[in-house]
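Presented below is the structure to which this report refers.
Just so it is clear, none of the values below were taken in a lab; they were calculated from the coordinates. Quick caveat: nothing in here was measured; it's all calculated off a predicted structure. All Cβ positions, glycine included, derive from the backbone under ideal geometry; neighbour counts span all protein chains shown.
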Amino acid sequence: MDIDLRQRAWRGIAAGMRSLLLLVALAAFSSTGSAGADSGTGQISIVSPPDRSVLETPLASLVVRLQSGSVDELQLFVNKRRVSLPKRDYSHYTVCFDGLGLMSGANEIKVVGMKGGKKVEELKSRVFYRSDLFADASSAPDGFTRYQYHGYQTEKVCMPCHQLDFTAASEGETPAASSPCYQCHKKMLSTYANVHGPAAVWACLSCHNKKGTPKLVAVKPDSKSCFGCHEDIWSPMKYGHGPTAAGSCATCHDPHASNYRYFLRTSAGDLCLGCHEEIATKPHVIVGFSNAGHPVRRTPDPYHPGREFTCVSCHNPHAGSSPVFLQNYDGVAPASDFCKKCHGM
Ligand code: HEC
Ligand code: HEC
Ligand code: HEC
Ligand code: HEC
Ligand code: HEC
Ligand code: HEC
Ligand code: HEC
Ligand code: HEC
């Protein structure tokens, strides 16, 4: 996760705030839900995400329950940085926000309840954004558990105000405003520059099983859901790359949206190093007298103007005919033929 991405998340929120408060003016709200890390005085509590949650998305929602009339403003800090919140009506029992930007790994969400300019209460929730792409974020500390929000126990708190029965919803293209996912998950798409075909048309249920367990589970393995629309040109290749061969397409591609091309979860230049750190620490491909090895990154690529030169300039990220999946190389011709594609020696 880079800073830039997180800032974008918040810009999106500020822009999208013409809220629907009137809809719920009369809604009642039961008093279950989990407290934050600090027990506090009970004037406010963080309902979602619960303390010590593990999420697998850089965006999270924040739902805070309020005692009637206890606060007239909330302040939010994500990793000690103040984040401005859109306007909400604090006379309600519950206030909801979407699209908190998280960093990969450990995050601290702090909510401060204010009344008349004075601090009433302060609560924290620790959230771990887990990702296979970053060594230090690939497993959560002890005591943290995967947050499974969808399911009757957790959802019932929200049901007075939100529609959470999806059994009759369409699995195909749906206008945004009538998608049952839109209200709570719109920032998953609106935050990013590139949105993936089926997500862009809110066909969320083409990949999330509305009858599955746990509720709304993504169809697995990923490769099956991807190959429903993308031809499988990789399995037949002689050598398959670890995560692609395992069918974990979503490890590298965000199935929904991203600021990077091909919906990559991070830039093509950083993507590979998350799992192959060692490549950056020793000379690669050639060991010359300078001992520097072959460059693995150049912007722009001197041989292919308009592109960046990265690992994928030489390696196919999915599969190939040579053991290291060299691009456009049959694995039989002399290795120099591969080098000539750029160097024309
Ligand atoms: C008292 C009614 C009420 C309850 C209970 C409630 N919500 Fe909301 N929620 C709303 C309203 C109203 C909105 C529209 C945004 C606004 O004006 O607050 C909303 C919006 C949201 C959003 C989108 C926020 C945004 O920034 O666009 C999310 C996410 C959300 N709710 C999740 C939840 C979850 C999860 C629960 C249960 C833990 C829950 N809500 C319980 C009334 C409620
Ligand atoms: C009432 C708000 C709300 C609605 C409506 C909603 N979600 Fe969610 N969803 C959440 C919250 C809150 C989480 C927890 C993660 C987060 O904070 O974003 C979540 C998490 C998820 C997860 C991760 C697994 C889990 O259960 O935690 C999936 C998958 C998901 N939602 C899919 C969907 C799809 C698909 C739809 C539409 C059919 C949908 N959601 C509608 C609020 C909602
Ligand atoms: C092309 C298939 C596909 C489509 C379409 C799709 N999803 Fe997903 N979604 C996935 C997969 C696969 C995962 C699991 C990702 C992973 O394992 O990291 C996922 C994960 C999620 C998560 C959970 C992130 C977390 O906390 O783990 C949410 C929330 C979610 N999807 C919501 C949606 C919504 C809302 C839509 C519609 C706008 C949608 N999805 C459309 C495939 C899809
Ligand atoms: C319901 C059909 C559908 C499913 C399922 C699906 N895709 Fe797509 N995908 C599309 C469409 C439509 C496009 C847009 C094609 C275009 O704009 O050229 C697209 C585009 C892409 C692109 C960009 C390709 C390019 O050349 O720009 C990538 C990468 C991608 N999908 C990956 C995936 C992955 C990974 C999965 C599985 C998690 C998946 N897709 C599942 C329909 C689907
Ligand atoms: C190790 C990371 C990684 C995994 C795993 C991965 N991809 Fe990719 N994928 C990439 C990268 C990087 C690119 C961009 C390649 C480039 O820039 O030339 C890409 C490009 C693509 C494209 C568009 C260009 C093309 O080659 O057609 C599609 C479609 C695609 N991937 C689908 C998939 C599917 C489906 C899977 C699972 C079977 C998958 N990917 C698994 C990293 C990955
Ligand atoms: C999620 C982790 C992950 C990511 C991201 C990843 N790889 Fe891999 N890669 C693996 C695994 C696992 C293997 C199999 C290791 C083995 O068999 O020794 C592998 C094997 C390879 C091999 C073959 C190594 C050998 O000795 O045979 C190459 C080449 C490679 N990866 C290149 C890349 C490139 C280029 C990227 C970026 C597009 C990338 N990898 C991204 C996990 C990853
Ligand atoms: C100039 C083309 C080129 C670039 C750029 C490149 N590689 Fe390689 N890579 C190769 C070739 C050729 C081999 C086989 C070398 C050998 O067998 O000694 C290889 C081997 C590998 C291997 C397996 C052997 C080993 O050294 O561990 C991995 C893993 C790998 N590359 C990953 C990467 C990653 C990650 C990047 C980007 C940081 C990258 N490569 C950039 C051409 C390249
Ligand atoms: C996909 C294109 C590509 C391929 C294939 C490729 N190279 Fe390169 N090579 C580059 C780029 C880009 C540079 C950096 C040139 C620059 O910065 O001006 C470079 C630089 C070099 C250099 C000069 C090193 C330096 O520090 O200036 C040598 C030597 C070299 N390559 C050898 C090879 C060999 C041997 C192979 C085959 C194993 C190969 N290259 C394959 C793109 C490639």
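Along region 236-241 the Karplus relation, 6.51 cos²θ - 1.76 cosθ + 1.60 evaluated at θ = phi - 60°, assigns HN-Hα couplings of x, 5, 5, 10, x, 7 Hz to successive residues, with x for each Gly and Pro.
Take the Cα of Val217, step 7 Å toward its Cβ, do the same at Ser336, and the gap between the two points is 5.5 nm.
Subtracting the Cα-Cα distance of Ser235 and Glu56 from their residue separation scaled by 0.36 nm leaves 61.8 nm. Peptides 151-162, 51-62, ordered by how many other C-beta atoms sit within 10 Å of their residues on average, highest first, read 51-62, 151-162. Only DSSP H runs of four or more residues enter the estimate; each adds -39500 (n - 2.57), and after division by the residues of the chain the mean residue ellipticity at 222 nm equals -3500 deg cm²/dmol.
Geometric descriptor of the chain, per residue, is 166 Å³ (volume of the convex hull of the Cα atoms).
Amide H contacts of Asp98 (H built 1.01 Å from N, in plane; Pro and chain starts excluded): Leu62 sit under 5 Å, all sequence-distant by 5 or more or on other chains. Using 0.36 nm per residue and subtracting the Cα-Cα separation, the extra length available between Thr299 and Ala280 on full extension is 5.2 nm.
Counting neighbouring beta carbons within 10 Å and listing from fewest to most, the residues Arg265, Arg307 come out as Arg307, Arg265.
A simple rule links phi to the HN-Hα coupling: the Karplus curve 6.51 cos²θ - 1.76 cosθ + 1.60 with θ = phi - 60°, which for region 169-184 gives 6, 6, 8, x, 4, 9, x, 3, 4, 9, 5, x, 9, 4, 4, 8 Hz, with x for Gly and Pro. Amide H contacts of Val120 (H built 1.01 Å from N, in plane; Pro and chain starts excluded): Gly113, Met114, Lys115 sit under 5 Å, all sequence-distant by 5 or more or on other chains.
Which order do peptides 164-175, 97-108 fall in by mean Cβ count within 10 Å, highest first? Walk me through the numbers before you get to the answer.
Numbers: 164-175: 12.8, 97-108: 20.0.
Packing order, densest peptide first, comes out as 97-108, 164-175.
Hey, got a sec? Which chymotrypsin sites (Phe, Trp or Tyr not before Pro) in region 198-294 land in a DSSP loop and have at most 14 other Cβ atoms within 10 Å? Please report the intermediate quantities before stating the final value.
Numbers: sites: Trp202, Phe227, Trp234, Tyr239, Tyr260, Tyr262, Phe263, Phe289; in loops: Trp202, Trp234, Tyr260, Phe289.
Those satisfying the criteria are Phe289.
Here the 3J(HN,Hα) profile of region 82-94, calculated from phi with Karplus coefficients 6.51, -1.76 and 1.60 at θ = phi - 60°, is 5, 10, 7, 9, x, 5, 9, 8, 7, 7, 7, 6, 9 Hz, Gly and Pro shown as x. Each label was represented as a point 7 Å from its Cα along the Cα-to-Cβ direction; for Glu173 and Lys124 these points are 4.9 nm apart. Skipping prolines and chain starts, which residues have an amide H placed within reach, meaning under 5 Å, of the one on Gln327, given they are 5 or more residues away or on another chain? So Gln327 has HN proximity to His315, Asn316.
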